[in-house]
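Asker: Can you keep this structure in mind? I'll have questions shortly.
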Amino acid sequence: MSSKGLAKAKDIYANRAGRVRELKAEGKKIMGYVCAYPPLEMVTAMDYAPIRVIGSMDEPITKADTQVPSIICPMLRSMLDLGMKGKADFVEDFIGAHTCDCAEKFCHLYQHNMQFPYYHFLDVPHIAHKASFGFMKAGFQLFQKTLEAHTGKKLDPDRLKQEVKKHNAQRALVRELYGLRRQDPPLLSGSENLQIMLALLSIPIEEGSGMLKDIIAEVKARKDGPKKKAARLLLWGSPLTETSIIDMIESLNANVVMDDICTGTRHFWPDVEMTSDPLDGLAKRYLDDLKCPRTFRETTSSFEEDQEVRFGYIKDYAKEWNVNGVILQSMKYCDTHGYEVPAIKAYFDRLGIPSLYLEHEYTMVALAPLKTRVEAFIEMIS
Amino acid sequence: MAEEKKKRAITRLESSALVRPLVNKMYMEGALAGMEERPVAWSMVNWWEGDIIMRAMGVTPVYPENFGTVCAALGIAQKYMGVSAAEGFPTHLCGYAQNTIGYTTEMKREGKVPEGAPMGGMAQPTFMLCSEGYCDARFKWFQSLRQFWNVPVWTLPFPHPVYTDPSLQDVHKVNVEYMAVELQGFIAFLENLLKKKLDRDKLEAMLNNQEKVFKVWWEINELRKAKPCPMHARDFWTMMVPCFYTAYDPETLAVYQQVYNEVKARVDNGIGAIPDEKYRLVFAELPPWHSLGFFDKLAERGWNFAAESASYHPPPPMELNGGGDLPYRIARWTYWSYINTGYRAAKMGYPAVGAAQPYYNWAVEYKIDGILTHPLVTCRTATFWHTHSMNVLRDKLDIPGMSIQGDIVDLTVFDAATALNQAPAFEESMDHFRKVRKSKGLDW
Amino acid sequence: MYFAGIDIGSTMTKIVIMDDEINSQVIGPTGAEHRHLANKVMEEALSKAGIAFDELTYVVATGYGRINVPFADKQITEITCHAKGVSSIFPSARTVIDIGGQDAKGIKIAGGKVVDFVMNDKCAAGTGRFLEVIADALGLKLEEMGELSLQSKEKVRISNTCTIFAEQEIVSKIADGVPIEDILAGLHEAIASRVFHMAEKMKIEKDVAMTGGVAKNVGMVKALEDLLGFPVLIAREPLLTGAIGAAILGKELVIKALEKGEAIEKGARLLEAASFFK
């Protein structure tokens, strides 16, 4: 791949399978994984390139219907469909994780259909009690055992610590990139940002960090960034794997300046704390610091305080990125985010930040009704 | 004038009528505890992981999940679901959750059990017990209820290992130990909340009774292997309720023993649950509670259901040697309920077929002609594996499958007429595959 | 100064021309090619008002087809326009319930501005479409459905919420001899109920104004009022509130620009039938 910076991110976004196949041809071992929960530091410490398995909003689902009913998460159905059609053939080995109901089951069904030589399933707890961290760590230890057995190599704890540093370094660069949207107008668009994040999920960590450095320099110097618009929006909810919804929003009088989705900040934001046994730091970061509604946050002395525990970090985003509206989006059949909607909407109402909830079907088409709602929302807040 | 009394298509077990008072008692106890301001906990099916501990400490559990099935059967759920939607909850969420949210909204609005709530409604909780078991709704739903009830919440862990065969003992050990440690935490939580100590002798006595109930209930379901099948799925769905919610109670054991006697007598006398068993089916996974009469129509065609709802079936008896460590004993049983079908397959030499294992095991042991699946709009957990299960039964055992879309609670998405229209074609399919199996040397 | 508001809905196109009050109004059916139609309707409205196109200071387009109006200066969503239109007619209105041929909306207003809204544009069963489908199936005129439903002595419940299944259910009830007015009462209640529950998400506040073509159906008005527990406000011509609001918003934009001494940004203003494909 010869392009650099923003152009490179665009190219990878447009053809991620192409880039991953290049990597394979160069001799890289590819470990596919789902969601944001597998400990990627352990994956790279064993010399794999972690590539997140995602769906496509652009590909009509056909083959997956022979394996799974239609009323489940459309993104997971798409992931299965792409796999069955051979469009994810760059994945050699695979890590699944118990993230949400459908994802848990998807992982086993995916393995059943794809028959990867190595498949490991991480049983991530939904609660973060004291004993849950031990349980999470035991899960990592088991993962280490099976991966060592498969590769014939041992995982070196010092190497693992180096990987933690490398991954944290990339996270710092991601946070720096997001910081460039604090100003008004933001220096890059929400669509560009999503393309970059999706590109990062498709290439090795060092390559991603290199790309980020180029992008940050490029963006800081650019003259052709987004225009100032009435609405500065934060986008919350289900993962997005194409820019269509953000494109639609940004075609109106709005800039998407921040997000809380797992193909965005959720994947990259928290660092791993360096602990003497690196697995402890990893367990804490992946179980507790990673923000996703699939994890149950302990209740407090009031519902308002519960909301603060669950959503307080988003309030901080909204403040620091000077957000004047929130778009809450989730895909149809996403129960994990569906349950959150009334509570998070009430939270933003209390903070005086207007919000709009959109349910979509994880496709590129039929965006017109959503567009009218977003347009009316922007009219409302301007 | 003589009006021929229409012969009921399904001969329900007489002893299933004995279950009704057990369920009524459960609801009455909840209402009474509420009125007398004694501790009430909103709980759910958690595969026997937590409620018996609460009971031993004098807490009365109330079950919104079961309340959802009651509201569905009485056609009241639609109203509560409408209220839930007006509160901004998406309509694809668990039907029981929507029903509860709607009920609770009304209860808060009226300041008491709402007008028209069946079974005396559900009393206000002192605390709520969530579970990680099987589906995320089991903690997301009660988390949502915090909008209405500012009461403590405890969540029980529930590992979901992919390795369910006996080979990975170290995985099983870690899982059970984690659950047991958490149960100790749960006991500490209760002791602190209720300001009293757990009476371990009382708990042990309840556990002993519970285990006897499981054993009898297991044996009853084993008897259904007989031809013709003596007990229909409709009786299972009635009788599974006390097993989940009141297995600590000696009255429950007495009722199940009567059920056993009746089923055994039917087997000894060759009596089936339906007059003319032409086909033996399994049903996956949860029924349309609002339209159970649908099964009577199928019974008229000779369809008998010998097994159903795998995740709600009791596991086989097991030596629970945890010694005096009651949390460990409880954890082990709950965990066993999740992994036992993998053990069975390994023992019997069946192929490992993942999540389709319970249905595979049953297909062989109950000599099944077809699988009927019911995808549920509001329950992905009980729907996800349907297609795979049908594929496995067809590919490995030459057993055909049929799918009828609907929901547990929302009656507007279930179309019985269309489903019945498909029956003759499916019967032809079942006839055909019977021949195929015979030609391959299988004996059913 | 003259201002025009054009509301291109999926079934009807509405135009209002006003200065200090409404000079002309036109309502016509929307064809498949609404761009094509829009300029014809505009010409009719201009002729009725007795003014030329160039005399229009500002034109705002709203509704489903608003992006395909080549002579509009600005597009504003029907939500904002209905809120403005209703506020100008009923200053006490806090909630708008709009039921059209293809969709239904709920809008909360404070000080003439939108503060919340909900929409149903996915499911036909909560819109005028449901009435049309059943009118067709029973061989009735859409306009007589409402009156007929009021004659019911015993409303019948329609249990299917999907238009397709409900049609089958209704036809079989007719065959069973259920009185048609009882079925229609049930039908009206079913639609009102869906719209009501949708609107409840915003916490309905009095006064409630009902707009859209379905507001002309007396049976629907009664069904909705029964659910609300109080009467609703209905404009003399409930189809026009969007176009009225659009015109007023245009006027407000121009006045604000004049006060600030800013230039008024206008569109290309091509009063012609544009080709369908750009």
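Asker: What pairs in C:Lys14/C:Lys216; C:Lys113/C:Lys203; A:Lys371/C:Lys48; A:Lys63/B:Lys367 have C-alpha atoms more than 23 Å from each other?
Answerer: Where the Cα-Cα span goes over 23 Å, the pairs concerned are A:Lys371/C:Lys48; A:Lys63/B:Lys367.
Asker: Rounded, prolate or oblate for the protein assembly as shown? Axes are the square roots of the Cα gyration tensor eigenvalues, ordered a ≥ b ≥ c, and the cut-off for rounded is a/c under 1.5.
Answerer: Because a/c hits 1.5 or more and a/b fails to exceed b/c, the protein assembly as shown counts as oblate.
Asker: Could I ask something else about it? Identify which of B:Phe295, B:Phe384, B:Phe214 has the largest mean-square fluctuation in a Gaussian network model of chain B, with springs joining Cα atoms closer than 10 Å.
Answerer: Looking only at B:Phe295, B:Phe384, B:Phe214, the largest GNM fluctuation is found for B:Phe384.
Asker: With a cut-off of 8 Å between alpha carbons and a minimum separation of six or more residues, what is the relative contact order of the stretch C:91-234 in percent?
Answerer: 32
Asker: I've got another one for you. So what is the 222 nm mean residue ellipticity for chain C from helices alone, if each DSSP H run of at least 4 adds -39500 (n - 2.57) and you divide by all residues, rounding to the nearest 500 deg cm²/dmol? Before the final figure, lay out the partial values.
Answerer: Numbers: 8 runs with 113 residues, N = 278.
The helix contribution divided over chain C gives -13000 deg cm²/dmol.
Asker: Let me ask you something else. Under 10 Å, Cα contacts only: if you run a Gaussian network model on chain C, which one of C:Lys201, C:Lys222, C:Lys260 comes out with the highest mean-square fluctuation?
Answerer: C:Lys260
Asker: Additional query: Give, rounded to the nearest 20 debye, the magnitude of the charge dipole that chain B has about its Cα centre when Lys and Arg contribute +1 at Cβ and Asp and Glu contribute -1 at Cβ.
Answerer: Dipole magnitude for chain B comes out near 460 debye.
Asker: Using a Gaussian network model on chain B with a 10 Å cutoff between Cα atoms, which of B:Leu286, B:Leu393, B:Leu420 fluctuates the most?
Answerer: Fluctuation is largest for B:Leu420.
Asker: With unit charges on the beta carbons (Lys and Arg positive, Asp and Glu negative) and the dipole taken about the Cα centre of chain B, which residue among B:Ala284, B:His160, B:Phe384 sits farthest to the positive side?
Answerer: B:Ala284
Asker: Using a simple charge model, +1 on the beta-carbon of Lys and Arg, -1 on the beta-carbon of Asp and Glu, nothing else, what dipole does the stretch A:160-381 show about its Cα centre, in debye to the nearest 20? Present the calculation step by step, with values, prior to reporting the outcome.
Answerer: Details: 29 positive and 34 negative charges, 115 e Å.
In debye, rounded to 20, the stretch A:160-381 gives about 560.
Asker: Determine the sum of side-chain charges near A:Arg159: Lys and Arg each +1, Asp and Glu each -1, restricted to other residues whose C-beta is under 15 angstrom from that of A:Arg159.
Answerer: Surrounding charge for A:Arg159 is -3.
Asker: Leaving out same-chain residues fewer than 8 places away, which aspartates and glutamates sit with a Cα under 12 Å from that of B:Lys440?
Answerer: Once the sequence-local aspartates and glutamates are set aside, what remains near B:Lys440 is B:Asp398.
Asker: While we're on this one: The stretch B:155-252: which trypsin sites (Lys or Arg not before Pro) are DSSP loop and have at most 13 other beta-carbon atoms within 10 angstrom? Intermediate results must be reported in sequence, preceding the final value.
Answerer: Numbers: sites: B:Lys173, B:Lys195, B:Lys196, B:Lys197, B:Arg200, B:Lys202, B:Lys212, B:Lys215, B:Arg224, B:Lys225, B:Arg234; in loops: B:Lys195, B:Lys196, B:Lys197, B:Arg224, B:Lys225.
Answer in residue order: B:Lys195, B:Lys196, B:Lys197.
Asker: Tell me the net charge near A:Lys24. Cut-off is 11 Å between Cβ atoms, A:Lys24 excluded, with +1 for each Lys or Arg and -1 for each Asp or Glu.
Answerer: Value of the local net charge: 0.
Asker: Among A:Pro186, A:Val91, A:Phe106, pick out the residue whose Cα is farthest towards the positive end of the charge dipole of the stretch A:84-187, where Lys and Arg carry +1 and Asp and Glu carry -1 on C-beta, about the Cα centre.
Answerer: Of the candidates, A:Pro186 comes out farthest on the positive side.
Asker: If you don't mind, another one. Provide the per-residue ³J(HN,Hα) series for the stretch B:349-359, in order, calculated from phi with Karplus coefficients 6.51, -1.76, 1.60 and θ = phi - 60°, each as a whole number of Hz, with x at glycine and proline positions.
Answerer: x, 7, x, 7, 10, x, 5, 7, 3, x, 6
Asker: Here is a further query. Is there a quick way to get the dipole size of the protein assembly as shown? I mean about its Cα centre, with the Cβ of Lys and Arg at +1 and of Asp and Glu at -1; what is the value in debye to the nearest 20?
Answerer: Value, rounded to 20: 1540 debye.
Asker: Using Cα-Cα distances under 8 Å and only pairs 6 or more residues apart, what relative contact order does chain A have, in percent? Can you show the working numbers first?
Answerer: Values: 589 pairs, mean separation 73.1, N = 382.
Result for chain A is 19 percent.
Asker: Moving to a separate point now. Given A:Ile249, A:Ala199, A:Leu358, which one lies farthest toward the positive end of the charge dipole of the stretch A:160-381, if we put +1 on the Cβ of every Lys and Arg and -1 on the Cβ of every Asp and Glu?
Answerer: Sorting the options by dipole projection puts first A:Ile249.
Asker: From the helices alone, meaning DSSP H stretches of at least four residues, give me the mean residue ellipticity at 222 nm for chain A, per-run term -39500 (n - 2.57), in deg cm²/dmol to the nearest 500.
Answerer: Theoretical 222 nm ellipticity from helices: -15500 deg cm²/dmol.
Asker: Additional query: Which residues' amide hydrogens lie under 5 Å from the amide hydrogen of C:Asp116, considering only partners 5 or more residues apart or on another chain, with H built in the peptide plane?
Answerer: C:Lys108
Asker: With an 8 Å cut-off on Cα pairs and a minimum separation of 6 or more residues, tell me the relative contact order of chain B in percent.
Answerer: Worked out over chain B, it gives 19 percent.
Asker: Starting with the fewest neighbours, write out C:Leu37, C:Leu258, A:Leu282 ranked by other beta-carbon atoms found within 10 Å of each beta-carbon. Walk me through the numbers on the way to the answer.
Answerer: Values: C:Leu37 18, C:Leu258 13, A:Leu282 23.
So the ranking, lowest neighbour count to highest, is C:Leu258, C:Leu37, A:Leu282.
Asker: Right, something else. List the trypsin sites (Lys or Arg not before Pro) within the stretch C:95-182 that DSSP assigns to loop and that have no more than 16 neighbouring Cβ atoms inside 10 Å.
Answerer: C:Lys122, C:Lys141, C:Lys153, C:Arg157
Asker: For the stretch A:303-312, take each phi angle, set θ = phi - 60°, evaluate the Karplus expression 6.51 cos²θ - 1.76 cosθ + 1.60, and give the result in whole Hz per residue in order, putting x for glycine and proline.
Answerer: Result, rounded to whole Hz: 5, 5, 5, 3, 4, 4, 5, 6, 10, x.
Asker: Can you list the trypsin sites (Lys or Arg not before Pro) in the stretch B:68-116 that are in a DSSP coil and have 15 or fewer other beta carbons within 10 angstrom?
Answerer: Numbers: sites: B:Lys79, B:Lys108, B:Arg109, B:Lys112; in loops: B:Lys112.
Taking the stretch B:68-116 and a limit of 15 other Cβ atoms within 10 Å, the loop trypsin sites (Lys or Arg not before Pro) found are B:Lys112.
Asker: Within 10 Å of each Cβ of A:336-344, how many other protein chain Cβ atoms are there on average? Kindly include the intermediate steps, with their values, before the conclusion.
Answerer: Numbers: counts 3, 2, 9, 13, 3, 6, 9, 6, 0.
For this peptide, the per-residue mean of nearby foreign Cβ atoms is 6.
Every number in this text was worked out from the coordinates using simple rules, so none of it is lab data. Given the structure is predicted, the values throughout are model-derived calculations rather than measurements. Cβ coordinates were reconstructed from backbone atoms using ideal geometry, including for glycine residues, and neighbour counts include every protein chain displayed.
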